[in-house]
Structures are given as structure tokens and as C-alpha cells.
Amino acid sequence: MSLDLDMSTDGVLTADTHLVQSFADLNALKQDGARTVIVGAEGAYVTDSEGNRLIDGIGGLWCVNAGHRRPEIIAAITEQLETLDYYSTFYNFTHPTAATLAAKLAELAPGPLNKVHFGNSGSVANDSAVRILHHYYNRLGQPKKKQVLSRHGAYHGSTHLAIAMTTPGYSEGWDKAEGLVHHLRCPHHWREGADMSEAEFLDALIDDAKDKVEEIGAENIACFIAEPIMGAGGIIVPPAGYHAAMGALCRDYEIKYISDEVVTAFGRLGHFFASKDVFDVQPDIITTAKGLTSGYQPLSATILSDEIHEVISDEGAMFLHGMTYSGHPAASAAALANIALMEREGIPERVRITGKRFETNLCALSDLEMVGEVRGSHFMMGIEFVRDKAAKTPFASEDQIGLKVARQAQKRGLIARPLGNILILSPTLVMDETMIDSTAEILRESIVEVQSGL
């Protein structure tokens, strides 16, 4: 079977009429010119079918941390495929690449997180974490501990359980796992804090969590799951001390703490893992994906504490969970090469400098009339647009302000991600100072252009 991959003048693949795209307005995609077709990439740039070279301001999808087309990663994948293309990690089978990667992740992860289960996406990693904990509590004779605490504004994936743990707006019109997940208050001080100081808002958040635990009963709650910084929920940074305080609350009530580092790990915030180094919390489980391979292969990891593993590996305990591609050799090789590259080039350490420049440059956009808040950290930033800055009045959804700014930015050579009234930036971590400054200039010009047309 041959595919017609000729490009039409509007940049749409003729074969693309058969592709169902994720998180898209499928009706709008029926229109000619609605898609941007990416045909090449290198470093911090991608190239579209019209020949435009664009700064990849979303890093593929939060994931191309090491940059595009790195020969070291490509060579590692190729060599692995030529040696062992595939074998499973089921039953008593294993292979050296997955075992070596598990050992490396145990070395990088904080505290006693030394056992690694592989999957193929962040959604699967988070589903696996909850499923493992349900089994863990069954083994301990506490079968009622099944409930999950999440938060409004969270994003934990799109599988049936992960979407239930995600903020409710992402499942509108769709079904999800019911009866398991309870959403705590969103930790967004600028929007939710009213007249409270940040410290007062933190106290209110912890009180809200305590009230919810008391309402449900700690004996019924398996875990609390949280992103260090909320990603697809709008780049929400919690008040200082939030994660440490929630970690203490979870310990007091014997609730396991899952840190969803699908986005924040592997250098995006300047460390391989952000939970302990940046937010001073020791999770019982860390989940990760995306930057684990810099997007070169699909791979995720659910990293467990020794204590959890001891219970689920005790005599008579069968681990009845796994996926065909768990620990795939080529994906594991990609991750090992990616981590080695990051260590060799000191990418996380460099991000502590370049990421701060990126953050500072974007925060300077706050002087623009319709920029309500610029928030985030390092190479994980969001810009929220408002109709009235003093009152924080949002634009109507039909105004599509984020989309309008993103389109203006793309005309000027930058891909950014619109999310309602928010524009998200999560670029590759290999941007230099010139490119960082250029990104901020493009964003300023684009926002001014849209602002002038209101």
C-alpha cells in the first residue's frame, strides 16, 4: 500500500484526511489550511510544509527537552534495534537496556525511590501508580483504601482513570472512571486567593485538604496526586511551601503521595526531578514520561519506594499489571542516551541560568494592557490574557484570545500553545540567549497586534 504524501499549497497532507488528531476541533480540521504540517526539525527549531523555520516554543508537547535530531539519541536507538529490536519484560524475561535504565532512574530519583515500572505514556504511568497502590493496600489488608485526591486545575492524562484525576473541564462530554477521585481546591493564588496573602492562602488550601480527608475518611483514601507545577491546567505554581505541607498532611493521615513529574522532570525546572530539589517534598511515587526520552521514543516510568515494592513483592503476591511495550529496548536506549547527553552537557544546570532568563523576559510582558498574569518557572511558562487587568476579568471563550496570539506568533516564527485565554510556552531546553530574547520579542509584537485589534 502506498500513501499519497504530496503537499498541497495550503500545507495539508492529502493523506491527513484519515488521521484523527488529539485534543482538536475535528470539525474545524475539515477545512483546508486548518493544520500546520511539521516536516522537519533540528535543535530548537521545526520546519513546516511551507518551508517556514519556527522556534519550537512548545517542545513538541512539553517533551523535546534535549532538542530535535540529536545524533547521539538517534544512534543509540538504531544500534539497539540492530542488536535487539524487541523483547518483553513479562514473567521472568528481561533485557539489559531496561534493567540499566531502571538502575539509572533509581540513582537520579530522590530518597528511597528505587523500583521502576515502565509504561508508554504519562497517562499509563499515573494509572499504574494508582493501580499499584490499590493492590498494595489489598496486600496490607486495607481494601477500603481506594479513593484518590487530585486538584481542580490538574492534568494527569486522558485514559479512563487519568482523565478522572484531571481537572473536570477536560472530560466535558466524555465519560471517565466514576466514584474514585475527589478534587481539592486549585492552588492558584492570583485567581483563587481573593484578598489573602500567599501564606494565608496556603493555610486555606491545607484546611480545605484536611476537611476533605475528614469527610471521606483517611481509611478510604489511597493517595494524593499532584504535579509540582500544574501544566495543561494553565501553568499554576502553588504557594511557597505547599507541596511540603501537603506531604506532611499525607504522612499524618497515612496517604501515599504521588508526584506527577511527567512534565517537570529531566531538566525543565533545572533538575532531573523537581519534587525534592525544588519543592522540598519526598514522594512515595514519582511518575514521569515526556522528557525521559526527549520524545524520541514513547516511554514512561512509575518509580516506587522500596517500602511499596516490598509489600507488592512479598511471598504469594503476583504483579498482574503491565503493557506489551513496557521497557521497550529502543525506548530504553533512547532514554539512556538522552540522560547521558543531559549529564554530559550539563543541561539541567544550564537551565537554572537560561531558564531564569526566559522566565524574566516573559514576566516583562506584564506591562502590556491585556496581560493579566505571567506565571511559571524556567522553561515552563504561561501568559493569561484579561479584558480588564485591575478586575482580572477574563475574555469570553468565543474571543479565542490565546489562539489569536498564537497565530500572530507563528506568523513571526514561533510556535506557542493556546489554551483558552492562556498562552503556554514549554520550549526545548537548548535555547540560547539570542533565541530566548527573540521569543520574548515575538510574543510582545504578537500580543500588541492582537490588543490593537480589540
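What does the charge count near Ile353 come to, summing +1 for each Lys or Arg and -1 for each Asp or Glu among other residues with Cβ under 15 Å from its Cβ?
Summing Lys/Arg as +1 and Asp/Glu as -1 gives -1.
May I ask you to derive the FRET efficiency for Ala199 and Glu82 from their Cβ-Cβ distance with R0 = 51 Å, giving the value to the nearest 0.05?
0.35
Between Leu454 and Arg407, what's the calculated FRET efficiency when r is the beta-carbon distance and R0 is 22 Å? Round to 0.05.
FRET efficiency, Leu454 to Arg407: 0.90.
Pick the calculated Cα extents along the principal axes in Å for this structure from [x] 65, 61, 42; [y] 72, 58, 42; [z] 64, 54, 42?
Label [x] holds the value from this structure.
Across bins of 5 angstrom width beginning at 0, how are the C-alpha pair distances of region 273-344 distributed, in whole percent?
3, 14, 18, 20, 19, 16, 8, 2, 0
Output needed for region 302-350: three equivalent-ellipsoid semi-axes, defined as square roots of 5 times the C-alpha gyration tensor eigenvalues, in descending order, whole Å.
Equivalent ellipsoid of region 302-350: 31, 16, 7 Å, largest first.
Which shape class applies to region 54-188: rounded if a/c is under 1.5, otherwise prolate when a/b exceeds b/c and oblate if not, where a ≥ b ≥ c are the square roots of the Cα gyration tensor eigenvalues?
Cα axes put region 54-188 in the oblate bin.
Less than 20 Å from a label point 7 Å out along the Cα-to-Cβ axis of Arg352: which backbone N atoms in region 252-270 qualify, by residue?
264-270
For a protection proxy built on the mean count of beta-carbon atoms within 10 angstrom, sort 54-64, 264-274 highest first, please.
Ranking the peptides 54-64, 264-274 by packing returns 264-274, 54-64.
Name all residues of region 396-422 having a backbone nitrogen under 16 Å from the label point set 7 Å from the Cα of Glu172 along its Cα→Cβ direction, giving them as ranges.
Zone members listed by number: 396-403, 419-422.
Let me have the relative contact order for the chain, percent, based on Cα pairs under 8 Å that are six or more residues apart.
20 percent
Helix-derived [θ] at 222 nm for the chain: sum -39500 (n - 2.57) over DSSP H runs of at least 4, divide by residue count, nearest 500?
-11000 deg cm²/dmol
Once R0 is set to 30 Å, what does the formula 1/(1 + (r/R0)^6) return for the Cβ-Cβ distance between Gln142 and Thr94, expressed as a FRET efficiency to the nearest 0.05?
Working from the Cβ atoms, E equals 0.45.
Can you give me the P(r) profile for region 306-454? Cα pairs, bins 10 angstrom wide beginning at 0, each as a whole percent.
Calculated P(r), rounded to whole percents: 10, 30, 22, 17, 14, 6, 1.
Given +1 on the Cβ of Lys and Arg, -1 on the Cβ of Asp and Glu, and no further charges, what dipole in debye does the chain carry about its Cα centre, rounded to the nearest 20?
Dipole size: approximately 180 debye.
Hey, which lysines would be in cross-link range of Lys176, C-alpha to C-alpha under 23 Å, not counting anything within fewer than 8 residues on its own chain?
Lys144, Lys145, Lys146, Lys212, Lys256
State, as an integer percentage, the relative contact order of region 375-439 based on alpha-carbon contacts under 8 Å between residues 6 or more apart.
34 percent
Throughout, read-outs are computed from the coordinates displayed, never taken from laboratory work. Here the structure is a predicted model, which means the values were calculated and not measured. For neighbour counting, all protein chains shown are included, and Cβ atoms are generated from backbone atoms with ideal geometry for every residue, glycine included.
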